[in-house]
Amino acid sequence: MAQLMEQLGLEPRLLLMQAISFLALFWVLKRFLFGPIGNMVQSRNDEIRDRLDRAERDEKAKEAIRTEYERRIAEIETEARDRIQRAVAEAERIAEGIRAQAAEEAEAARQRGYLQIEREKEKALKEIQDQIVDLSIDAAERVVHQALNEDSQRQLVRRFIRELDSQVPS
């Protein structure tokens, strides 16, 4: 081996010194450079992992909130639809009540009008009959020149009117 080293131009002491220098440099670099850099890289990796975990948790929480939000919106929409349907049904019921009440009031007004017309008709007929009686009495007095007394004249005229009423259609 010594011969080989001489052929290659290597000196054992120099080689030993270079190896010791290399190991010392490696130890110094490891202790003061690689250690802090490794710690810094590890710290950065841990921080990134924590951020990713936090982002994943936030994403899951966001998904849970979104699901809850969608569920609540669906509940609110269902409740709103139910309320609208109830309000429409109530409005239809009220409208039907109003229509029925209006029909009843119209029928009552028609009946009142009919009764009033009948009363007016009867009143007019009574007035006409009274006028006919008076006119008939006056005419009979003129014709008979007071041959009959007033009571018998009234009876005669009333009988005449009754006969007319039975002949005239209502």
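Quick note: the coordinates plus some simple rules give every number you see, no bench work behind them. What you are looking at is a predicted structure, and each value in this text was computed from that prediction instead of being measured. For neighbour counting, all protein chains shown are included, and Cβ atoms are generated from backbone atoms with ideal geometry for every residue, glycine included.
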(request) Please build a GNM for the chain, connecting alpha carbons under 10 Å apart, and tell me which residue among Asp134, Asp58, Asp82 fluctuates the most. (result) Asp134
(request) Rounded to the nearest 10 degrees, what's the angle between the helix 12-29 long axis and the longest principal axis of the chain, both from Cα atoms, 0 to 90? (result) 20 degrees
(message) With angles folded into 0 to 90 degrees, how steeply does helix 150-167 sit against the dominant principal axis of the chain? Use alpha carbons for both and round to 10.
(response) 50 degrees
(request) For the chain, build the charge dipole from Cβ charges (+1 Lys, Arg; -1 Asp, Glu) around the Cα centre, then report which of Leu29, Ala95, Leu52 sits farthest towards its positive end. (result) Leu29
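In deg cm²/dmol, rounded to 500, what helix-only [θ] at 222 nm does the chain give when every DSSP H run of at least 4 residues adds -39500 (n - 2.57) and the total is split over its residues?
Working: 4 runs with 153 residues, N = 170.
So the calculated ellipticity at 222 nm is -33000 deg cm²/dmol.
Under Stokes-Einstein, with the Kirkwood radius over Cα pairs standing in for Rh, what whole-number D in µm²/s applies to the chain at 20 °C and 1.002 mPa s? Present the calculation step by step, with values, prior to reporting the outcome.
Numbers: Rh = 30.3 Å.
In µm²/s, the coefficient is 71.
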(request) Specify the residue with the greatest mean-square fluctuation among Arg110, Arg54, Arg31, computed from a Gaussian network of the chain linking alpha-carbon atoms under 10 Å apart. (result) Arg31
(message) As I understand it, the dipole of the chain uses +1 on the Cβ of Lys and Arg and -1 on the Cβ of Asp and Glu, about the Cα centre. Which of Gln155, Leu8, Ala19 lies farthest toward its positive end?
(response) Leu8
(message) With +1 on the Cβ of every Lys and Arg and -1 on the Cβ of every Asp and Glu, and nothing else charged, how large is the dipole of the stretch 3-157 about its Cα centre, in debye rounded to the nearest 20?
(response) 1640 debye
(request) Treating the angle as unsigned and between 0 and 90°, give the value, to the nearest 10°, between the Cα long axis of helix 35-144 and the longest Cα principal axis of the chain. (result) 0 degrees
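Report the local net charge at Glu68: Lys and Arg +1, Asp and Glu -1, summed over other residues whose C-beta lies under 11 Å from its C-beta. Intermediate results must be reported in sequence, preceding the final value.
Details: positive: Lys62, Arg66, Arg71, Arg72; negative: Glu63, Glu70, Glu75.
Neighbourhood net charge equals +1.
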(request) Select from Leu125, Leu14, Leu156 the residue whose mean-square fluctuation is largest in a Gaussian network model of the chain (Cα-Cα springs shorter than 10 Å). (result) Leu14
